[in-house]
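Any read-out appearing in this document is the output of simple, stated calculations on the displayed coordinates, not a laboratory observation. Not measured: the values here are computed from a predicted model. Note: ideal-geometry Cβ built from the backbone for every residue, glycine included; neighbour counts use all protein chains shown.
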Amino acid sequence: MGDTKTRTPARRAKTRAAQPEPETLVAYYRQMLLIRRFEERAARAYTEAKIGGYCHLNLGEEATVTGLMAALQPRDYLFTNYREHGYALARGIDARRVMAELYGRSTGVSKGWGGSMHMFDLESRLLGGYGIVGGQLPLATGAALAVNYKGGDEVVMCQMGDGTTNIGAFHESLNMAALWDLPIVFVVINNGLGMGTTVEASSAEPELYRRASAYRMESARVDGTDVVAVRDAAQAAVERARRESKPFLLETTSPRLRGHSVVDPARYRTAEEKEALKEADPLAHFGLTLEEAGILDAEARTKLDAEVKAEVDDAAAFADDSPHPDVSTLFDYTYATPVRGVPRRLPADPVF
Amino acid sequence: MATMTYRQALRDTLRDEMLRDENVFVMGEEIGVFEGSYKITEGLLKEFGPKRVRDTPIAEEGFVGAAIGAAMLGLRPVVEIMTINFSLLALDQIVNHAAKIYGMFGGQCSVPMVIRTPGGGGQQLGATHSQNVELFYSFIPGLKVLAPSTPAEASSMLRAAIRDDDPVLFLENLALYNTRGEVPDDLEPAEIGRAAVTRPGTDVTIIAYSRMAHVAAEAADKLATDGISAEIVDLRSLRPLDRETVVESVRRTGCAVVAEDDWLTYGIGAEIAATIQEGAFDHLDAPVRRVAMAEVPLPYSKPLELAALPSAESLVTAVRDTVRATGR
């Protein structure tokens, strides 16, 4: 984990990409910090029973999320799996609306219908978090097909976890994307674990980016704890997809700092592994890097932290104050074209 | 008005809709170069080109999901799944995605797509290729399931399905492709969710859909020679289900037999029977009967296959028993 093995075109892009301006690096740091504090706040709200269902956090993936989203244009489309709070934030959706969705309120991004795993926002072109492993891949492939059909120049990014590379939909989607030259970048977030099963225990080819070779698709692996490296690798893949209408498979490696979801204590990890995770924390690491570079000192980081914490607390307060969806809206979203005979019965209502 | 086959009606309607709306395109296995396993897409590749007539790999989950994704961006894909048996490979995309996207995201994104697929036994295709699993899709809120039985309905209902903003499972039937019927010129799209009384009668109601609507008509002819006047309700839409038309008929006739091509236990007929007992309880003079496929994996052997499938004869027997049970 953590090694960087990039192949073309990511490597070429790395030498080409200019070193980001200090303000850009600070903006990345702030974005990563927002994701970190938001997820910590979500975990707390979950233990307070403010949030129901499943709740998967992006803790440890802040650099990956921030780097990937920095590589997209506003007009590009994003499909993700169920671990998508950070992506929603980085796509520019107000933290209030993201938190309100976790709280199941009508002010949430999906109006309280989706919850943690199913965030959707047309304006920022986040076309869904999806709860079924691999479900988003055929959809994203079809979205890329539609982009070409309409003659557009948008790119589709499709995020997934490492375990997803073993499901049939992964292979069917990569095959179609390569066969039809679709403008799509598949991104595997390799945190080493599918719930409690290691990549090595589930994948005959554990270097997941190599799977693309079966479809003659270009691919690369990048250190997911390095925000600039992720951005550069993703940007190269995205812009190539835009320019040449070619798919790409990008693998990012990063630690999952906590369990699979909020309720998972991760007992399958040894004490040594848990200790090592602290060392691997991408946020702390990036903070020190910025300090050493003279860009952001401890005082400035503390100030940023207070700012971000206030934003997250405000989001939680907003969510808590927001109304639940009215029960009268229960039947509003079953069909887009309402037709005769659609049932609108509550459990004890008679059929006639 | 022209007389044509069910197959021709589907093909002409697809062509019309593709000419009318450039966002309509077709995709599926062998639909382009091969012109479709059942030739529904004959000539379309030549006329519209590979962008709008897309041959796919054998990957039902992948290409059905891709059609959903394309529909999310505003296109109107019409997907062909070679037979409904193969739709099981796409179950996750149909049930967990096509049917859920509108509701799960709070009504922000619709999925205007059609999945065309034939069911039907009786072709000696064996256990895995002869099933009628439309029930699986009829069970799912968010999907619409249409089952036309005539060329005119095939045309008007396919038109409606393509123009509808929701995912529609459009059930065809292998035994119907060569059946002929009149199709009016300038046929309007059908109203989705409406059953039809296709033959008026006074003594008993037969409820059927798809191929069984034809079996019911044949049975009704035979019953008429015995002096039994059977009314036929063709469901046409399995979801939403037009319960009112069914119940209104049974309230007049006082007894009912459901003719279904699927298996009896938990089948479409079970839902119809439950509907009738709730909506016409005081009007029933006999228990509701169901005529359905024998509950076995359908065998290849012709005599075994014939014995397992519901026929006009089996329906006549069940209707006679039912009318006799009324004691009229």
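See the values below:
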{"quantity": "Long-range HN-HN contacts of residue B:31 with modeled amide H, under 5 Å", "calculated": "B:36, B:56"}
{"quantity": "Globularity index of the protein assembly as shown, i.e. its alpha-carbon radius of gyration over 2.2 N^0.38 Å", "calculated": "1.08"}
{"quantity": "Three-way shape label, the stretch A:40-146, alpha-carbon gyration tensor, a/c 1.5", "calculated": "prolate"}
{"quantity": "Selected from A:72, A:330, A:59 as most flexible by GNM, with chain A as the system and alpha-carbon contacts under 10 Å", "calculated": "A:330"}
{"quantity": "Crossing angle, helix B:151-163 versus chain B [Cα axis fit, 0-90 degrees, rounded to tens]", "calculated": "50 degrees"}
{"quantity": "Top positive-direction residue, dipole computed over the stretch A:193-352 with Cβ charges, set A:312, A:329, A:348", "calculated": "A:348"}
{"quantity": "Proximal lysines relative to residue A:150, as straight alpha-carbon distance under 26 Å, when same-chain residues fewer than 8 apart are discounted", "calculated": "A:246, B:46, B:51, B:100"}
{"quantity": "Of A:92, A:82, A:183, farthest towards positive along the dipole that unit charges on Lys, Arg, Asp, Glu beta carbons give the stretch A:9-326", "calculated": "A:183"}
{"quantity": "Separation in nanometres of the label points that stand 7 Å from Cα toward Cβ, at residue A:320 and residue A:123", "calculated": "2.6 nm"}
{"quantity": "Low-density loop positions, trypsin sites (Lys or Arg not before Pro), the stretch B:24-82 - DSSP coil, at most 13 other Cβ in 10 Å", "calculated": "B:51"}
{"quantity": "Under 30 Å from residue A:309, Cα to Cα: lysines that are on another chain or at least 8 residues apart", "calculated": "A:50, A:111, A:274, A:278"}
{"quantity": "Length-normalised contact order for chain A - Cα pairs under 8 Å, 6+ apart - percent", "calculated": "24 percent"}
{"quantity": "The stretch A:202-218 versus the stretch B:225-270: alpha-carbon centroid distance in Å", "calculated": "54 Å"}
{"quantity": "Electrostatic dipole magnitude of the stretch B:122-204 [Cβ: Lys, Arg +1; Asp, Glu -1; Cα centre; debye, to 20]", "calculated": "240 debye"}
{"quantity": "Dipole in debye (nearest 20) - the stretch A:9-326, about Cα centre, beta carbon charges: Lys, Arg +1; Asp, Glu -1", "calculated": "720 debye"}
{"quantity": "Two-decimal Rg/Rh across the stretch A:9-326, once Rg and the Kirkwood Rh are taken from alpha-carbon atoms", "calculated": "0.95"}
{"quantity": "Shielding by partners - mean other protein chain Cβ count within 10 Å, residues of A:168-175", "calculated": "5"}
{"quantity": "Most fluctuating residue given options A:306, A:143, A:280, as computed from a GNM of chain A linking Cα atoms under 10 Å", "calculated": "A:306"}
{"quantity": "Mean Cβ neighbour count within 10 Å, used as a protection proxy, ranking B:274-283, B:202-211, A:103-112 highest first", "calculated": "B:202-211, A:103-112, B:274-283"}
{"quantity": "Neighbour-limited loop hits for trypsin sites (Lys or Arg not before Pro), the stretch A:119-218 (at most 13 other Cβ within 10 Å; DSSP other than H, G, I, E, B)", "calculated": "A:216"}
{"quantity": "Taking the stretch B:196-325 and dividing mean pair separation by its residue count, relative contact order in percent (alpha carbons under 8 Å, at least six apart)", "calculated": "28 percent"}
{"quantity": "Cα shape, the stretch B:184-328, gyration tensor, a/c 1.5 rule", "calculated": "rounded"}
{"quantity": "Cross-link reach list, aspartates and glutamates versus residue B:144, counting only Cα pairs under 15 Å and skipping chain neighbours closer than eight places", "calculated": "B:134, B:164, B:165, B:166, B:172, B:191, B:242"}
{"quantity": "Net charge dipole size for the stretch B:176-267 [Lys, Arg +1 and Asp, Glu -1 on Cβ; Debye, nearest 20]", "calculated": "260 debye"}
{"quantity": "Fraction of antiparallel bridges per DSSP, the stretch B:196-325 only, in percent to nearest 5", "calculated": "20 percent"}
{"quantity": "Compactness relative to 2.2 N^0.38 Å, alpha carbon Rg of the stretch A:119-187", "calculated": "1.07"}
{"quantity": "For the stretch B:2-183: rounded, prolate or oblate by the Cα gyration tensor [a/c cutoff 1.5]", "calculated": "rounded"}
{"quantity": "Excluding exposed DSSP-loop GluC sites (Glu not before Pro) (at most 12 other C-beta within 10 Å), longest clean stretch of chain A", "calculated": "A:124-352"}
{"quantity": "Degrees between helix B:243-253 axis and first principal axis of chain B (Cα, 0 to 90, nearest 10)", "calculated": "20 degrees"}
{"quantity": "Top positive-direction residue, dipole computed over the protein assembly as shown with Cβ charges, set B:8, A:158, B:128", "calculated": "B:8"}
{"quantity": "Folded to 0 to 90 degrees: helix B:60-72 orientation relative to chain B principal axis, Cα", "calculated": "70 degrees"}
{"quantity": "Gaussian network model of chain A, Cα within-10 Å springs - most flexible of A:303, A:246, A:278", "calculated": "A:303"}
{"quantity": "In Å, descending, principal axis extents of the Cα set of chain B", "calculated": "62, 45, 41"}
{"quantity": "Antiparallel content of DSSP bridges confined to the protein assembly as shown, in %, to 5", "calculated": "20 percent"}
